[in-house]
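Reviewing the structure listed below.
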Amino acid sequence: MLPNVHVVATGGTIASTPDEDGAAPSLDGEDLLDSVPDLAAHADPSVESVSQVPGFDVDFDIMATVAERAHEAVEDGADAVVVTHGTDTMAETAYFLDLTCSLSVPVVVTGAQRRLDEPSSDAPANLLAAVRAATNRRVDDGVYLAFDDELHAARDVRKVHTHKLAAFASPNDGPVATLTRDAVRFHRDPASESVHVPVADGEASVEAPDARVEMVVSAAGVDGAQVERAVEAGADGIVIAGTGLGNTTGELGAAVVDAIDAGVPVVLTSRCGAGTTGAVYGTAGGGKTLQDAGAIPGGDLAPWKARVKLALALAAVERAGTGEDVAEYFTDQ
C-alpha cells in the first residue's frame, strides 16, 4: 500500500500562468498533481488549496492556515504533508511550520522557479522530489524544503538566487540530503532543528501572531530614524540585520539601545549570507555594546526568520501571561 501524502497548495510560481498583465497564480492543487503523473508510483495523494497568492504576498495568516491543515491531515491519517508555495517566502513558511508543528510525520515544502508553461519548468521535478523525500523511510518527522534535487532543513535554508533553478541553499550546514534518480542520499540524520514555540491552547489549533515586528537593515551611514519611527508607531519588537557579526552604525546602535530601554525587544542578526552573530566590538553600534545593552543575539538565523520567531515568541509570552522574557526562545536556536 502506498503512503498517503496530503498536498496543501498555496499558490506561487508553481501554480502561476501568464496573461497580458503578467503572471499570477491560477492553478489549484489538483492541477499540480495532474502535471506529475509519476507521483502515483510513490504515493496515494490527497490535495486541497488554501490560498492562491504569490510567495511575496504570503502572510502569517496563510502560514497558520497551512499549519492547521497539516495537523488536520495527520489526524485524518496522512503519512506525510507536502506544501506547494511561492519561492520568495518559502523558507519563512517552512520555518514557521517547523516552529509551530510538532507532528509525527514529515512536512516538505516546495515550489518552482519556472512556471509549468515555461521551457524546462522545474515544477514537476520539485513536486516529485518533495513527495519522494516525504515518503522516504528515514524521514519520519520535521519540516524540510525540497528544491532542485536537494532536501534542506527548514531552519537552515535560504533563497540564494533570484532566478536560477538552484535557488536554495543551507550556507552553514549544507543540505540534509541529495536526491538522485533512484535514491535519496543523506548527509546527516533528518530531524527538526528548531525549538517548538507554543502557538495556542490546543496542539492542532495554530493562531497567526498579531505582533508587529519591524526589520531594519544597517548599512554605511544609516541613522536611527527607522528604529525611532518603529518605536513611535508601537512596534512590539524589532529585528536588526546588522553588518558582519551583527554590528550597526553608531547612530543606529544608539537608537537600538533607546528602544531596548523603552521595553521593545530587539533581536540582532547579520545581513551576511552565512555565519553567526558575535559580541566582539565594544564601540558605538558594536555587537558587544548592543548585546550588553540587552539586544537578543539571533545566532545564525536569517533576519527574516528571526522576525518569524520573534513574532511567535511575543504571541506565546502574551498568551502565557507569565511575564517570561522572549529572549528565552532564542537561547537555544
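The values are calculated or read from the model by the stated rules, or taken from the named source; none is laboratory data. What you see is a predicted model; the values in this text were computed from it and never measured. Neighbour counts are summed over all protein chains in view; Cβ atoms, including those assigned to glycine, are modelled from backbone coordinates with ideal geometry. SASA here: full protein model, heavy atoms, side chains in, ligands and nucleic acids out. Shrake-Rupley method; radii C 1.70, N 1.55, O 1.52, S 1.80 Å.
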Practice problem: Note down the nm distance, to one decimal, between modelled labels 7 Å out along Cα→Cβ at ALA183 and at HIS196. | Solution: 3.4 nm
Exercise. Could you look at the range 200-333 and say what percent of its accessible area is carbon and sulfur, using a 1.4 Å probe and all protein chains?
Key: 48 percent
Quiz item: Per residue, how much accessible area does the chain show when a 1.4 Å probe rolls over the protein heavy atoms, in square angstrom?
Solution: 42 Å²
Practice problem: Classify the range 265-333 as rounded, prolate or oblate from the Cα gyration tensor: take a ≥ b ≥ c as the square roots of its eigenvalues, call it rounded if a/c is under 1.5, otherwise prolate when a/b beats b/c and oblate if not. | Solution: oblate
Quiz prompt | For the chain, with +1 on Lys and Arg beta carbons and -1 on Asp and Glu, the positive-most of VAL139, LEU290, ALA125 along the dipole | solution = LEU290
Quiz prompt | Amide H contacts of VAL176 (H built 1.01 Å from N, under 5 Å, at least 5 apart or other chain) | solution = LEU151, HIS152, ALA153
Practice problem: Before rounding to the nearest 500, sum -39500 (n - 2.57) across all DSSP H runs of length at least 4 in the chain and divide by the residue total; then give [θ] at 222 nm in deg cm²/dmol. | Solution: -8000 deg cm²/dmol
Exercise. Just check the range 5-118 against the gyration tensor rule for me: Cα atoms, a ≥ b ≥ c as the square roots of the eigenvalues, rounded for a/c under 1.5, and otherwise prolate or oblate depending on whether a/b exceeds b/c.
Key: oblate
Practice problem: Label the chain by shape, choosing from rounded, prolate and oblate, from the square roots a ≥ b ≥ c of the eigenvalues of the Cα gyration tensor; if a/c is under 1.5 it is rounded, and otherwise prolate applies when a/b is larger than b/c, oblate when it is not. | Solution: prolate
Quiz item: When the dipole is taken about the Cα centre of the range 184-333, and only Lys, Arg (+1) and Asp, Glu (-1) are charged at their Cβ, what size is it in debye, to the nearest 20?
Solution: 660 debye
Quiz item: Between exposed trypsin sites (Lys or Arg not before Pro) in the chain, where DSSP calls loop and at most 14 other Cβ atoms lie within 10 Å, what's the longest gap?
Solution: 1-136
Practice problem: Treating only the Cβ atoms of Lys and Arg (+1) and Asp and Glu (-1) as charged, compute the dipole magnitude of the range 68-132 about its Cα centre; round to the nearest 20 debye. | Solution: 240 debye
Quiz item: Can you give the angle from 0 to 90° between the axis of helix 250-261 and the longest principal axis of the chain, with both taken from C-alpha atoms, to the nearest 10?
Solution: 90 degrees
